[in-house]
Amino acid sequence: MSTSFNSSPNPNDEKRSSLDAVGHNVVKVDMDDKVTGAAKYGSDIQPDGVLHAALLRSRHVHAVIKSVDTSVAESMEGVKAVVTRDQLLGQFDDRVRYYGDVIAAVAATTPELAIKAADSIIPILESLPSVHDPKQAIRSGSPKVHDVNNPDFGQHGRHEFTVDNVEYVQNIDDYHYVHIGDVEQGFLEADFVFEHEYISPRVNPCNLDTHCTIAEWDGDTVVFTETLGAPSRSRDEIADLLGMPHDKVRVVMPPVISSSFGARSVPQLSFEPVAATLSREVGGSPIKLWFDREEEFTATDHRHQTSYNIKMGITSKGMITAAKIDLVADTGAYPNGVGHIVLSNGLSRPLEIYKIPHYEFEGVSAFTNNLIAGEFRGIGSTQLGYALESHMDEMARRADIDPIKFRLMNFVEEGYARPNTGRPIESCGLIECVERGLSTFKKIQNGPSNDPEKLRGWGMAAGTHTTGLGAVDLDSSEVKFILFPNGSLVVEVEVLDHGQGTDTVMTQIASEETGIDISNIHVQHYADTDSADAYLGSVASRSTYITGLAVQDAGRNLISTIRDLLSPLYDPGKIEDITITNNTVSFGNQSVQLSDLFDESIISIGFAESELNPPAYGAHFAEVEIDALTGHVTILCYVAAQDVGFAINPKMVEGQLEGAISQGIEFALRSEVKLDRGIPLNPNLADYSVISAWEMPQKLICEIVESNEESGPYGAKGIGTPAMPPIAPAIINAIRDATGIRFNKAPVESEHIAMALLKEGTNQ
Amino acid sequence: MNSSSSYHLPCDLTSALNLLSEHSDSAKIVAGGQSIMLLLRQGFLSSDIFIDISDISELSEISIQGGAIHVGAATTYTSLENSLEIQPYSVLLDSLHVIADPQIRNLGTIGGALGHADPSLDIVPPLLCLDANVVVQSLNATRAIPLSDFHQEYMTADLSKDELIHSITFNQPTGIHGGAYEKVANVEGGWPTVGVAAQVKLGENIDSFLDVKIALAAVGDTAIRSYSVEKSLIGSEISMDSIRESSKLVCNDIDPLDDLSGSAGYKTHLAGVLCQRALVKAINRAGGSL
Amino acid sequence: MNITFELNGKIISAEVSPHQPLRDILRSQFDLTGVKVGCHSGRCGVCSVLLDGKVIKSCLLMAPKANGRSITTIEGLSINGELHPVQQSFKDNFALQCGYCTPGFIMATVDYLSSSPSNPPVRDEIKTAIKGNVCRCTGYEKIISAVSNAITSSESL
């Protein structure tokens, strides 16, 4: 319908036409089981004799547990285990720190009975003072959520830090600071300085498939069957949380992987440890712990709510002279390593999109008695993107500079060394994103409305997020090819297909490198953490980039192995260019049966590493129509121009963009987990808004920009998370254009708009 | 699982009424059953005896008798929306189009909605504007109650334990008439932040109001008529100014609360805006112009 | 209580309680796990099935209400391993990612196609037909294309 892969003249057309499998819209390989209902997700598994778990959760936001009476639950027929918080494996003390913290848990023969038994438990709690504003939490005098800063809960990325700010004394999860150049000098050089604060919402990924794990013990090893996006990192974290050796924890993937968007990238405190404890209590039998929707909202991670204060100076022409950014992020009640990523991404992203000569960043993630925050698509970059691009837009409008020109003159470019790391930017499609995006947008834009009750406006935002984990450490991936004499190829990879299409991408690359037909290639995950050491999984938009490279390498190695098998028989000149078709190897006009070359199977290993973590860029454009009286926002058109390096499967790139846009619209306009002193007011899908097809833009076009990242497979870089940052600010900037009002707290709800317009008297 | 619970699917009304009379203390009438399912899951309903009326054909009928339309209690939103009889009632059609989603409309029934008495139901304001009567029946008696009296308190219908809702009836509008329902919700098909229905009857020259009815959802304990707006318009000339001024009076009749869907101030503002819009649309549909 | 109903073309009996939604019966007694569990509040639509050919949310259907009726789940759509045209259209149009919402969308689309949709397809009408179903991955665009193409190709049959 209105979405189309834009095939305007593109230097990559020639490259694309020289490729057989890569670069084309190969149909996703995981479809059949998903359209027939045969797909078995973790929650569909029901091992024989499985017991069902239910939790009694705190309804206090901060309290000491005085006693827990479990007698009624224990007397119920069919209840097989009852454990209280003090009996749980792991770091559970006698304090509950958020609404939803675990007090006790039950295992019973049916889910209904488990819930009934959990409800029968009577806890006596003594309330403690609580803190809900992260800015207050870090200052002396506020209640302490944890007695020490930087407590150790086995979280990944935990590191020692020194806090340079004398006002930040307690409840500190993590702290990042950098000062490049001299910002005060930079502000002196500016002709115009503007400072503003931007507050982002606490949103939930709302995976439709709620968290479900099956825990059981095999001797002294605990085994979890569930989707965990970064399985071996999570295995280590769970082991650390439980106080067990890493090799005594196994994580096994269910037959079909659930969606994640980051929500399944880290373990959950009231999840794996609880299921493991209950299973141990019943002699190791399987325990199924399946969160209902309310638990998904109260006991799994949300995107960190952030407050960004941005001060920026520009010359009269619009060149940035300095920026000073202060970030306070709400980590909630417990650490999980994600606060660190929110801060480091908040620190780095501005330097990867704009040239900022003088730069100071201070970020703190704070413990509060609020719900726990964690990973969600574009960790930290999404919030920063919203704040920074709102600020760029407002700054330009106030300085009477065209917001697009303002960005264009300050963008980084290829070869520019990022001042925080010194690493150069290898590929940068920013300018092409703006130019192509704007050109398409102008063609479909409606323009001003004649109806005084309909305010129209448009806005744009750029954005970036990096590909892969290179920023943290050297990112690497290893894959294994197994070729059978019948011509079928098994590709074993560490990355999981949550639906985003990595299995299809790896199939395409394997086919491209070997000539083997798509239908003969079967991608398998290392389905068990026991089968791989380095096992990072599908996080940080790394899959296509780093694992794709490893698949490419394995393909080349496979061909070289076959060449070695052929070389005793044929002239080396003849077997330079070989390809595998069905069960034969072809070269020139000759072919050899695979079964003549080897008996059982041949294996090739592929390996790739990178420390570049190339930024991927986007420029998005939105036109909105606002009902001046009700405040209702309709997105009339939207153009997402996104630099993906090279689109290995253009339809799937569009799918990633379109999906991101739905989540960005929620961030901008609709969705927020509302808390009243830590108590969630809308922990269900009746009261928390997720959007339907109706709230999507009326017209939506994806423009795929291909900047050819040298270090990526065929020039590709990431898409899943880099798609997120520009969306909310593009929409909110369009609202600014339509109303003249800068909304600096998202989501910008209809009520905020209507009441602000009333106040301004605009609609009188 | 509750082993003592019983579920009855009578095929005729008499059997249903007999069952109800027999179990009047503990029985719950089930039509679409969607709200009951939710209440059961949340533990807000403890009934063990259920009498399902959806197999009783006369309760799913839509008919016109003597200028009045009768809609059986077990009629689903979908069949009502698709029925020929209802097509002239634009106020009702507007609301049927914006209720929830196809799945909910395929199961949800008009009688179930009225029995549930939620003040946020989209279907109630249009029926209030049509002066609908609710026909309730017990083994011994039948009574017709004006809908405006049927819902007197929050989530409470004027229904005895031995009564069930048989049907809802309303007269076909006469003269030059038009109606409309306007709603604001956070997402399409969501519960209304505010919903306003308007039904107008215009004078011969289509330049004055012979009759006006305004009713609102989600602004108080029950859906409610706005007599202030109605009174100020009836008999007056049609003009944008008078509509604008009269719509402001809607705040006299409503009592919205601050809740997740919006503040009381926003809802009061919306009530005025939507009242005005519903009136304009209703007038246009009646052939009037502004 | 014991009820008898037609499930994916076969007459079957099941022991149910009014407190149980049909969804739970379909999953636990008949292993029809294509009927998904998502929200418990009737919003998300992943448990959508056909009741006498009309799409409903089986988390909101009191199980006894299935008595004497016909229920079709996603597992009942394909015949002899051939994908139903709507399933095929979802596959051809990249209309799914994680796939968890897909059975619900397909059931809603099957009902919509049986109710004389506009042809050529109308985007807003399609959006209304699928507004009871939530998808977290695709942003709905490719689902709309799949429904649209299912309409146009059903015409050409």
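The values are calculated or read from the model by the stated rules, or taken from the named source; none is laboratory data. As the structure is a prediction and not an experimental result, all values here were calculated from the model. Note: ideal-geometry Cβ built from the backbone for every residue, glycine included; neighbour counts use all protein chains shown.
Only a single item in (1) within 13 Å of chain C (Cβ to nearest Cβ); (2) in contact with an Asp or Glu (Cβ under 8 Å, 6 or more places away or on another chain) is not met by A:P650, and it is number (2).
Would you mind listing the strands (runs of 3 or more DSSP E) fully within region A:212-330 where at least 2 residues are buried (at least 24 other Cβ atoms within 10 Å of the Cβ), of a type outside the set (D, E) and at pLDDT 95 or above? Show your work before the answer.
On the way: elements: A:212-218, A:221-225, A:249-252, A:287-290, A:305-314.
Strands (runs of 3 or more DSSP E) meeting the threshold: A:212-218, A:221-225, A:287-290, A:305-314.
Rundown of residues vs (1) of a type in the set (D, E, K, R); (2) out of contact with any Phe, Trp or Tyr (no Cβ under 8 Å at 6 or more places or on another chain); (3) surrounded by fewer than 17 Cβ atoms within 10 Å (Cβ to Cβ), yes/no style:
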residue: A:V412; (1), (2), (3): no, no, no
residue: A:G415; (1), (2), (3): no, yes, yes
residue: A:G429; (1), (2), (3): no, no, no
residue: A:G447; (1), (2), (3): no, yes, yes
residue: A:N450; (1), (2), (3): no, yes, yes
residue: A:E453; (1), (2), (3): yes, yes, yes
residue: A:G459; (1), (2), (3): no, no, no
residue: A:T464; (1), (2), (3): no, no, no
residue: A:T467; (1), (2), (3): no, no, no
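Close Cβ contacts (under 8 Å, 6 or more residues apart or on different chains) running from residues in region A:209-225 that are touching a residue at least 24 places away in the same chain (Cβ under 8 Å) to residues that are among the charged types (D, E, K, R) and assigned to a loop (DSSP other than H, G, I, E, B) comprise A:D209/C:K36; A:T210/A:D292; A:H211/A:E226; A:H211/A:R264; A:C212/A:E226; A:T213/A:E226; A:I214/A:E226.
Quickly run through region B:9-33 and pick out the residues that are touching a Ser or Thr at 6+ places or on another chain (Cβ under 9 Å), crowded, with 19+ Cβ neighbours inside 10 Å, within 14 Å of another protein chain (Cβ to nearest Cβ) and not basic (K, R). If you could, list the steps in order and put the result at the bottom.
At the first step, the residues of region B:9-33 found to be touching a Ser or Thr at 6+ places or on another chain (Cβ under 9 Å) are B:9, B:11-12, B:17, B:20-21, B:23-24, B:26-28, B:30-33.
If we keep only those that are crowded, with 19+ Cβ neighbours inside 10 Å too, we end up with B:9, B:17, B:20, B:23, B:27-28, B:30-33.
Pick out the ones that are also within 14 Å of another protein chain (Cβ to nearest Cβ) and you get B:9, B:23, B:27-28, B:30-33.
Once the filter is applied, which keeps residues that are touching a Ser or Thr at 6+ places or on another chain (Cβ under 9 Å), crowded, with 19+ Cβ neighbours inside 10 Å, within 14 Å of another protein chain (Cβ to nearest Cβ) and not basic (K, R), region B:9-33 yields B:L9, B:H23, B:A27, B:V30, B:A31, B:G32, B:G33.
Take C:I126 and decide whether it is more than 14 Å from chain B (Cβ to nearest Cβ), over 30 Å from C:I11 (Cβ atoms) and in a helix (DSSP H, G or I). Here the answer is no, as C:I126 does not meet what is asked. Residue check: C:K65 meets all listed conditions (1) touching a residue at least 24 places away in the same chain (Cβ under 8 Å); (2) surrounded by 24 or more Cβ atoms within 10 Å (Cβ to Cβ); (3) not assigned by TED's automatic domain parsing to the domain that holds C:N8 but one, namely (3). So which residues in region A:55-109 are in a strand (DSSP E or B), free of Cβ contacts under 8 Å to residues at least 60 places away in the same chain and not aliphatic (A, V, I, L, M), if there are any at all? Listed by number, the residues that qualify are A:S67, A:D69, A:T84, A:R95.
This table checks each residue for (1) among the hydroxyl-bearing types (S, T, Y); (2) farther than 30 Å from A:I257 by Cα; (3) in contact with a His (Cβ under 9 Å, 6 or more places away or on another chain); (4) more than 14 Å from chain C (Cβ to nearest Cβ).
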{"position": "A:A39", "(1), (2), (3), (4)": "no, no, no, no"}
{"position": "A:P47", "(1), (2), (3), (4)": "no, no, no, no"}
{"position": "A:S58", "(1), (2), (3), (4)": "yes, yes, no, yes"}
{"position": "A:S67", "(1), (2), (3), (4)": "yes, yes, no, yes"}
{"position": "A:A81", "(1), (2), (3), (4)": "no, no, no, yes"}
{"position": "A:R95", "(1), (2), (3), (4)": "no, yes, yes, yes"}
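Filtering region C:14-51 to residues that are in contact (Cβ under 8 Å) with a residue 24 or more places away in the chain and away from chain A (no Cβ under 11 Å) leaves C:A14, C:V16, C:P18, C:P21, C:L22, C:R23, C:I25, C:S48, C:L50.
Go through the residues of region C:95-116 one by one and say whether even a single one is within 23 Å of A:G664 (Cβ to Cβ), in a helix (DSSP H, G or I) and either within 9 Å of another protein chain (Cβ to nearest Cβ) or in contact (Cβ under 8 Å) with a residue 40 or more places away in the chain (or both). Walk me through how you get there before you give the answer.
Going through region C:95-116, the residues within 23 Å of A:G664 (Cβ to Cβ) turn out to be C:95-102, C:105.
Now drop any that are not in a helix (DSSP H, G or I), which leaves C:102, C:105.
Now drop any that are not either within 9 Å of another protein chain (Cβ to nearest Cβ) or in contact (Cβ under 8 Å) with a residue 40 or more places away in the chain (or both), which leaves C:102, C:105.
Within region C:95-116, one or more residues are within 23 Å of A:G664 (Cβ to Cβ), in a helix (DSSP H, G or I) and either within 9 Å of another protein chain (Cβ to nearest Cβ) or in contact (Cβ under 8 Å) with a residue 40 or more places away in the chain (or both).
Residues that are of a type in the set (K, R) and either under 22 Å from A:W458 (Cβ atoms) or surrounded by fewer than 22 Cβ atoms within 10 Å (Cβ to Cβ) (or both) within region A:706-764 comprise A:R736, A:R742, A:K745, A:K759, listed in sequence order. For region B:250-266: of the residues being part of a helix (DSSP H, G or I) and facing another protein chain (nearest Cβ under 9 Å), which is surrounded by the most Cβ atoms within 10 Å (Cβ to Cβ)? Per the criteria, the residue is B:Y266.
With respect to A:V72, is the statement that it is farther than 30 Å from A:Y638 by Cα, modelled with pLDDT of 95 or more and away from chain C (no Cβ under 14 Å) true? Quick ask: steps written out before the conclusion?
Details: farther than 30 Å from A:Y638 by Cα: yes; modelled with pLDDT of 95 or more: yes; away from chain C (no Cβ under 14 Å): yes.
Yes; evaluated as a whole, the condition is true for this residue.
Checked against (1) closer than 30 Å to B:S208 by Cα; (2) outside the structural domain of B:S261 (by TED's automatic domain parsing); (3) among the charged types (D, E, K, R), B:E153 meets all criteria but (1). B:L121 fulfils the conditions (1) in a helix (DSSP H, G or I); (2) away from every other protein chain (no Cβ under 14 Å); (3) crowded, with 21+ Cβ neighbours inside 10 Å except for a single criterion, (1).
How many of the residues in region B:34-56 are of a type in the set (V, I, T), more than 8 Å from every other protein chain (Cβ to nearest Cβ) and under 21 Å from C:L51 (Cβ atoms)? Here the count works out to 3. Checking C:I79, C:I151 one by one, the residue that is more than 8 Å from every other protein chain (Cβ to nearest Cβ), under 29 Å from B:G190 (Cα atoms) and under 17 Å from the mean Cα position of the chain (by Cα) is C:I151 and no other. Pairs meeting the criteria (first residue in region B:35-55 and under 23 Å from B:L17 (Cβ atoms), second residue modelled with pLDDT of 95 or more and of a type in the set (F, W, Y), beta carbons under 9 Å, at least 6 apart or on different chains) are B:I36/B:F50; B:I49/B:Y7; B:F50/B:Y7; B:I51/B:Y7; B:D52/B:Y7.
Can you pull out the residues in region C:59-70 that are outside any strand (DSSP E or B) and within 9 Å of another protein chain (Cβ to nearest Cβ)? If the condition is that a residue be outside any strand (DSSP E or B) and within 9 Å of another protein chain (Cβ to nearest Cβ), then C:C59, C:L60, C:L61, C:A63, C:P64, C:K65, C:N67, C:G68 are the ones that fit. Here A:L669 meets each of (1) part of a helix (DSSP H, G or I); (2) within 14 Å of chain C (Cβ to nearest Cβ); (3) of a type in the set (A, V, I, L, M) with one exception, condition (2). What is the one condition in (1) within 14 Å of chain A (Cβ to nearest Cβ); (2) in a loop (DSSP other than H, G, I, E, B); (3) touching a Ser or Thr at 6+ places or on another chain (Cβ under 8 Å) that B:G272 does not satisfy? Every condition holds for B:G272 apart from (2).
Consider region C:29-41 and keep the residues that are part of a loop (DSSP other than H, G, I, E, B) and at pLDDT 95 or above. The one that is surrounded by the fewest Cβ atoms within 10 Å (Cβ to Cβ) is C:D31.
A single member of A:A641, A:A693, A:A686 is under 19 Å from B:S261 (Cα atoms) and either under 20 Å from the mean Cα position of the chain (by Cα) or not hydroxyl-bearing (S, T, Y) (or both), and it is A:A686.
Just to verify a result, which residue in region B:81-95, among those that are of a type outside the set (D, E, K, R) and surrounded by fewer than 22 Cβ atoms within 10 Å (Cβ to Cβ), is nearest to the other protein chains (Cβ to nearest Cβ)?
Taking region B:81-95 and keeping what is of a type outside the set (D, E, K, R), we get B:82-84, B:86-93, B:95.
If we keep only those that are surrounded by fewer than 22 Cβ atoms within 10 Å (Cβ to Cβ) too, we end up with B:82-84, B:86-88, B:90, B:93.
Working: B:N82: 9, B:S83: 14, B:L84: 15, B:I86: 17, B:Q87: 16, B:P88: 22, B:S90: 18, B:L93: 14 Å.
So, considering only residues that are of a type outside the set (D, E, K, R) and surrounded by fewer than 22 Cβ atoms within 10 Å (Cβ to Cβ), the one nearest to the other protein chains (Cβ to nearest Cβ) is B:N82.
Counting the residues of region B:275-290 that are more than 11 Å from every other protein chain (Cβ to nearest Cβ) and basic (K, R) gives 2.
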